[in-house]
Amino acid sequence: MQATELTDINSAVQSSMNSSTTGASRAPQVCTIGGVIAIILGFVLSGGSFAGWMQDYLVHYTFLVSIMLGALFFVFLQHLTRAGWSVTVRRTAELMAGATPTLVAVALLPIAITLFINGLNLYPWAAGDFFLHHPELRHKTVYLNIPFFLLRAAFCLAVWWWLGRFYLTRSVAQDTDGDPGWTRMMEKWSPAAALLFTATVTLAALDWVMSLSPAWYSTIFPVYIFSGCVVGGLAGLILILLIAQRLGLISRRVVTVEHYHDLGKLLFGFVIFWGYIAFSQYMLIWYGNIPEESQFYLPRQQGIWLFISLGLIFGHLLIPLVGMMPRAIKRNSWTLGFFAVWLLGFHWLDLYWLIKPNWHAAVSPLSLVGGILGGAGVFGIMTGIVLRGLTRYAPIPVRDPRLDEAIHHEVA
Amino acid sequence: MSKNSDNSTEPNSLQPQYVGIVARFASPGDLLTAARQIAAAGYRYWDCHTPFPIHGLDRAMKIRPTILPWLVAGAGATGALGALVLQWWANGVAYPLIISGKPFFSLPANVPIIFELTVLFAALTAFLGAILLNGLPRLLYPASTAASFARVTTDAFLVSIEAKDPQFHPERTAEWLRNLGAESVELCPAPEGDDAIPAVIKRGLLVLAVLALLPPLFIALARQHTAETPQEKPRIHIIKDMDFQPKYQTQAVSSLFADRRAMRPRVPGTVPFDPHWQPPPDGFLTGKVGNEYLTEFPIPVNEDVMRRGRERYDIYCATCHGWTGEAGQYDGMTSRRARARGEATWVPPASLTGQAVREQPVGKIFETITQGVVREGLYSMPPYAVQIPPEDRWAIVLYVRALQRARAPYPEDFQDSAPSAGTATASAAPVNEGHIKGNLAGDMRH
Amino acid sequence: MGSASTISRQPEVDNTMSDPTSRPPLVLGQHDFATVTETVARIPERPGTTLAWKLSFAVAASLATMFVVLTGYLFVTGIGIWGNNSPVFWGFPIVNFVFWVGIGHAGTLISAILFLFRQHWRTSINRFAEAMTVFAVVCAGIFPAIHVGRVWYVYWLLPYPNPMGMWPNFRSPLLWDVFAVGTYMTVSVLFWYLGMIPDLATLRDRATRPLPRLLYGLFSLGWSGSARHWHRFEKAYLFLAALATPLVLSVHSVVSFDFAVSLIPGWHTTIFPPYFVAGAIFSGFAMVVTLMVPAREFFGLKDLVTLRHLDNMNKFILATSFMVGYAYLIEVFMAWYSGNKYELFTFINRALGPYAWAYWTMVICNVAIPQLFWFKKCRTTPWIMWIIAIFVNIGMWFERFVIIVTSLSRDFLPGSWALYKPTLIDFLMLIGSFGIFFTLFLLFCRYLPMVAMAEVKTVLPQAQVHHRHAAEEHAPSELEYAR
């Protein structure tokens, strides 16, 4: 790495930052406030009861968590594979994973508090008399009880908080001293991060989503949630990068069409992976056709849920599968941005589809619109947080030893 | 650089044996630079030869993007659609089979094969497309005679320009290539011999082709038989297929026992398994009492028995006798196939509705089913006592009677209010005629 | 060793250092394009074979012959010569099938997935791994075919119009297997062969004797390295890689469906598809290491297949070991969580029942022993990694044994329980399948280019060209990474 070139890049980065800070200074606040308004509007639109709001709240919460986890996965995956191409987009992902855990922790509180209030709790097993009425599930009290649930949640949140902060702070620290040792340290911890990530995603998937239907079980379920997380995280990363570049926060010389192309390919790959996992789960349960498993799919094939299920097959798999295949689609910021928005939307719908039918609630199109608006609000808040981070820190890891490789990255 | 456009006569007449020129470059980078300039100079018949793909060379040479992606996409779509149609048709239409309570056409279960065939078709097209669009296999190139060409698969980076290019001139092009940075430039004489396949390979292929014809020829000869010249010899029995098992046949001789009977008699004191067992009516098992055939059914006759008889008939008898029991063109599949193949030992089934069988008493028909028909020491119809229990054999007889009556109805059958006979008679089954006719009408449609 | 005269022992060079500021070289030594060709091509060009190769080949070919003879015996006698019995209908043949087809996954994974992810270290090992894939799939394909019993009717599995008027049941996972394994075999061979065409042309151009020249010439189809040909070749190679990647996932997923669509406890669980795929990659990488460690030593390929390649593969083994361990864990957890008595019993029976020894062999070999790869010493010392890889091979064979035998021998109905005991023929056929595998493999090592020469050349520093348009900036930097 030539020193002259480094200063060259630095000046490019600095100049792009300076020229844009005035225009983009209010963008974080706009995003955050807009997000909050959208969520409130969404709740108003979906109307209904407090219980209905709580269910929507859980969907929005898991949506937020999943995008954060997808970004966290992206960050430690780059270190695990010693990737060079992704350095310039890594800071945005680091912010998505490292600046949001506090919000994620605080946002769990309503769910945690209502656990103790009979009639308001989201999780049927938290009701005092649940296991009296379901003696066949009584052995699960060892696992599905409020203190242990909260303990596991606290463990997950602590791990995410620590991992997110770890990668963000070390990377930012390197901005000032340029010590390759930071990179070496982040790489060294990436296998441990992968293990902790696997454990926490599994716990969160089983606890927060699967236990909504305490009798149901599926061993692939955490993998399903994971695949959704990565789709959401990558789509979110692409979208935030596009927004940040439009606001002038990140120079077009450092994050180029080549990076979008590769991010698009990764997103495309994980869309297929999601389809593969979703199909595996559905096919095996459909083929086995035993009630304790198929009880999951039955309510999702009735009424409006049938159309939402079909919508997921087409919207979350088939349409992006065909649509994102051409190279040109992934290299055009508008088409790629379209598919990022599209997949974020369907990722939200996927979580809605997982969570909402557990109450056999009738869902009107209006409440669905309200829900989507709320999901957009959640993403707006996250965008606000990340944009604020991009203005506070250098928008790319300016002294990463592999920065040069990333800037000159070209898709073969 | 491209001034020598009018060179078609002069250089070629001087040195007509040249087919092209080859320039060798030191590195991929030099080649890339040169290729860009050659493309810019407007050469048309030229190429680069490299030991490995050089990134960006195709763009530098202005090679038109291949149509391979479209071919592969088309093949993939064909594979997907083909797999879907195949599975829908095979399991949903042609051969519907109930498997673990799944619908005949079950999309989730069809996805794996749809996927596999998509990949298979697309992959084959990608491979064959690349090979065939490249014009491979190919023996000679314009540059083949250049000395450096032998190293092109190791470490040589070559540019070859063909003599047929309008801008080609032996000296001037060579000079120009040297100026582009070529390490060495050679003119390629026309290759000795033609670009035809060498005679050795041709002869080898010919011998292989002739040899490959032999097995199908022998098979074709062995299968030369028609209805007129039937096959005399039985098939070769390579695979024993559990046909010959070390076991005792019924009534066989065994040296193990003093009485030399393989079948052992009942142990004294054996009692029937069913405590309510009653001996069957006379003739129930044989179809005759003494030497007289039964003329009436020994079992109660009703619609259930008729339905059972039809079902059993369709299973056991229709394969040869046909759905209607008529001989000739209405034979069952087995008989038609045997006749079509000219099987020498095949005896066509008798018409069940013809005069002869119509006049047989029911006991005789029952006995035929039980014992089969022996002609010239061979079974022309095998005995069915093993496969079909006696009740079902009687039911079949009943159904045969119905088939016969449908073929040769009684006058009263044509009247609107046909009297329903109250008892079983020797010549006709006393059942609802509408039912019989309905069945027959249905059967005739087969 | 008879090879001492031709092969000089090369020293190990450690290029596994982790330095973020520079990329370590993928090819060691002072190699240029010609020496890469020389290193690889001299192996098939050597006039005589070495004694070691002859001895290995004699052993492998004898075992392969034994397998063929036993197969003949099987056809004549029937599958009663195996230990398969009433509840355990699948026994060794299907264990061996899943084992081999799993091994057959690393080749395409290394080739296709690493190609798509631009992992350039694949170029040294992909040919080797692809060959291994093809041979493993050959071994895998034999077992279900001979397990159908009347093998002469095996063509009934194919959908073709026939006088019986019958069609195969497309809703059966066993038929999906036919299509999946058949497609995988075809695509693997195409991928292997397409990549090998330029290298066969190299051997053709270097051949001095007429017969090798004719044969290499026939199979290289007249390849001349034309840029117009490379253009289509690269596209086709990319497509095959892009098609093979989901294909790898699908094939072992379909194999897992053979089990998981049934209701047998221990089989019917939704994680089976990704779990089987992870296990397949795990065993496949282990087999590549098992073969690569001696081959690079023996054939003098240490410059091309460096310690860094082995280190990377061992990291893959460690990662997939965790995935397999994760699946073991979540299966046990879910067996308890589900409250399904049969499911729970199956797992208790696996850990404590009559086949507990197999279960714990599996856990130790697949989860415990690969943990040694946390230590860099183990990842970079050939003999240690070789032993660990052998253990993984053993463990993955036992994984299939545990899945098939424990679940079948203890079904829902205790009245039909029976233990499974393999016969001598079972063991001999398992060993014989290794004979087939190694026979093909030794022939490959002897007569075909073991390393993708053309592809290795692309990752040499000399191959890097500055291909950007002149208007763009930062000219000199690209070369830096390659060095």
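Results, tabulated for the structure shown:
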{"quantity": "Relative packing of C:428-435, B:183-190, which averages over residues the other C-beta atoms within 10 Å, highest first", "calculated": "C:428-435, B:183-190"}
{"quantity": "With Cα atoms, 0 to 90° folded angle of helix A:50-80 axis to chain A main axis", "calculated": "40"}
{"quantity": "13 Å beta-carbon shell around B:Glu367, net charge (K/R +1, D/E -1)", "calculated": "+2"}
{"quantity": "Part-to-part distance (alpha-carbon centres) for the stretch C:274-303 and the stretch C:324-358, which is given in Å", "calculated": "30"}
{"quantity": "Ranked by how many other beta carbons lie within 10 Å on average, peptides B:216-222, A:369-375 from highest", "calculated": "A:369-375, B:216-222"}
{"quantity": "All-pairs alpha carbon distance profile, the protein assembly as shown, 10 Å steps from 0, percent", "calculated": "1, 7, 13, 17, 17, 15, 11, 8, 5, 3, 1, 0"}
{"quantity": "Local electrostatic count at B:Met333 - Lys and Arg +1, Asp and Glu -1, tallied over other residues with Cβ under 14 Å", "calculated": "+1"}
{"quantity": "Other protein chain Cβ atoms within 10 Å, averaged over every residue that makes up B:64-72", "calculated": "4"}
{"quantity": "Cα centre as origin, Lys/Arg/Asp/Glu Cβ charges: the stretch C:286-430 dipole, Debye", "calculated": "320"}
{"quantity": "Nearest-20 debye value, the protein assembly as shown charge dipole, Cβ charges on Lys, Arg, Asp, Glu", "calculated": "1040"}
{"quantity": "Links that overshoot a 21 Å alpha carbon limit, given the list C:Lys235/C:Lys457; A:Lys265/A:Lys356; B:Lys62/B:Lys164; C:Lys315/C:Lys376", "calculated": "A:Lys265/A:Lys356"}
{"quantity": "Using alpha-carbon coordinates, inclination of helix A:87-98 to the longest axis of chain A, degrees", "calculated": "40"}
{"quantity": "Tensor-based shape of the stretch B:239-362 (alpha-carbon gyration tensor, a/c under 1.5 rounded, otherwise prolate or oblate)", "calculated": "oblate"}
{"quantity": "For B:Arg261, residues with placed amide H under 5 Å, excluding near neighbours", "calculated": "B:Ser254"}
{"quantity": "Peptide-level mean, for B:315-324, of C-beta atoms on other protein chains within 10 Å", "calculated": "0"}
{"quantity": "Inter-probe distance in nm under a simple model that places probes 7 Å from Cα toward Cβ, at C:Leu413 and C:Leu214", "calculated": "6.3"}
{"quantity": "FRET efficiency estimate (nearest 0.05) - Cβ-Cβ, C:Ala34 to B:Lys164, R0 30 angstrom", "calculated": "0.40"}
{"quantity": "Under the Karplus curve 6.51 cos²θ - 1.76 cosθ + 1.60, θ = phi - 60°, whole-Hz ³J(HN,Hα) for the stretch A:291-299, x wherever Gly or Pro sits", "calculated": "x, 5, 9, 6, 4, 6, 7, 4, x"}
{"quantity": "Estimated 222 nm signal from helices in the protein assembly as shown, with DSSP H stretches of n ≥ 4 weighted -39500 (n - 2.57), rounded to 500", "calculated": "-19000 deg cm²/dmol"}
{"quantity": "B:Asp243-A:Ser294 FRET efficiency (beta carbon distance; Förster radius 30 Å; 0.05 resolution)", "calculated": "0.05"}
{"quantity": "Added length on full extension, which subtracts the Cα-Cα distance from 0.36 nm per residue, A:Phe314 to A:Ile37", "calculated": "96.7 nm"}
{"quantity": "Rough spin-label spacing in nm, given labels placed 7 Å along Cα→Cβ, for A:Ile304 and C:Gln462", "calculated": "6.8"}
{"quantity": "Among B:Trp176, B:Gly129, B:Leu158 - extreme Cα towards positive end, dipole of the stretch B:125-197, charges at beta-carbon", "calculated": "B:Gly129"}
{"quantity": "Label-zone membership for the stretch A:46-67, site A:Leu109, 7 angstrom Cα→C-beta point, backbone N under 18 Å", "calculated": "A:54, A:57-58, A:61-62, A:65"}
{"quantity": "Estimated FRET transfer efficiency (B:Phe218, B:Asp304; beta-carbon r; R0 60 Å; 0.05)", "calculated": "0.60"}
{"quantity": "Centre separation in Å (Cα based) which lies between the stretch B:244-305 and the stretch C:76-118", "calculated": "51"}
{"quantity": "Karplus (6.51, -1.76, 1.60) ³J(HN,Hα), θ = phi - 60°, over the stretch B:162-179, in Hz, Gly and Pro reported as x", "calculated": "7, 5, 7, 5, x, 8, 6, 8, x, 7, 5, 5, 4, 5, 4, 5, 4, 5"}
{"quantity": "Mean separation of Cα contacts under 8 Å, 6 or more apart, over the residue count of chain A: relative contact order %", "calculated": "37"}
{"quantity": "Inter-probe distance in nm under a simple model that places probes 7 Å from Cα toward Cβ, at A:Ser333 and C:Ala145", "calculated": "5.7"}
{"quantity": "Cut-off under 5 Å, modelled amide H: who pairs with B:Cys188 long-range", "calculated": "B:Val19, B:Gly20, B:Ile21, B:Val22"}
{"quantity": "Around C:Pro198: net Lys/Arg minus Asp/Glu count, Cβ-Cβ under 12 Å", "calculated": "-1"}
{"quantity": "Inter-centroid distance (Cα atoms) of the stretch B:92-155 relative to the stretch A:190-266, Å", "calculated": "34"}
{"quantity": "Placed amide H near C:Val13: partners under 5 Å, 5+ positions off or other chain", "calculated": "C:Leu307"}
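A short reminder: the numbers here are calculations on the coordinates, not readings from a lab. Predicted model, so just to flag it, every value in this text is computed and none were measured. When we count neighbours, we look across all protein chains shown, and the Cβ atoms used for this are built from the backbone with ideal geometry, even at glycine.
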